[in-house]
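Just so it is clear, none of the values below were taken in a lab; they were calculated from the coordinates. Being a predicted model, the structure only gives us computed values, none of them experimental. In this analysis, Cβ positions are derived from the backbone assuming ideal geometry, glycine residues included, and neighbour counts consider all displayed protein chains.
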Amino acid sequence: MRAVIEAMFGASTPTILIAPVVQTALVATTKADSVVTLVRIVKSMRELECKPFLGEPDAEIARRWLRTIEDTMDQIQVTKGMRVNCAAHLLSDRARSWWDTVRSRTPAGS
């Protein structure tokens, strides 16, 4: 997710390594399970006051949003493999348009 913010605002955003988190409660085994898990996690994040990021040009707003998202993901133990998808579901307006463009230009499996 840090790469998302750096791509939007440049590499001047400080890099903080996120320790891997072990998922103990929700383990997705099929694509349908994965979608259900994603929906539950995003719902939990919203209940914990994670707000959408609209793509504001202020880098400090982006850093605060990212910090909140990362802290919440740590708290509810979101696996590394689910983090980008969960955060992407909290992008809106310009940020979502930007993300859709990035995804369309990224080769499958990257």
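Neighbours of Arg46, meaning other residues whose beta-carbon lies under 15 angstrom from its beta-carbon, give a summed charge of 0 when Lys and Arg score +1 and Asp and Glu score -1. Counting only lysines at least 8 places from Lys51 when in the same chain, those with an alpha carbon closer than 16 Å to its own are Lys43.
Ordering Val42, Val35 from the fewest to the most neighbouring beta carbons within 10 Å gives Val35, Val42. Using 16 Å as the cut-off for backbone N distance, which residues of the range 82-104 belong to the label zone defined by a point 7 Å from the Cα of Glu56 along Cα→Cβ? So the set is 91-96. Proximity of backbone amide H atoms, modeled 1.01 Å from N, is registered between Phe53 and Leu91, Ser92 at under 5 Å, excluding neighbours fewer than 5 places apart on the same chain. The aspartates and glutamates within cross-link reach of Lys80, meaning a Cα-to-Cα straight distance under 18 Å and a gap of 8 or more places when in the same chain, are Asp33, Glu70, Asp71.
When the chain is fully extended, how far beyond the present Cα-Cα distance does Arg46 get from Arg105, taking 0.36 nm per residue of separation? Show your work: numbers first, answer last.
Numbers: separation 59, 0.36 × 59 = 21.24 nm, distance 2.86 nm.
Result for the pair: 18.4 nm of gain on full extension.
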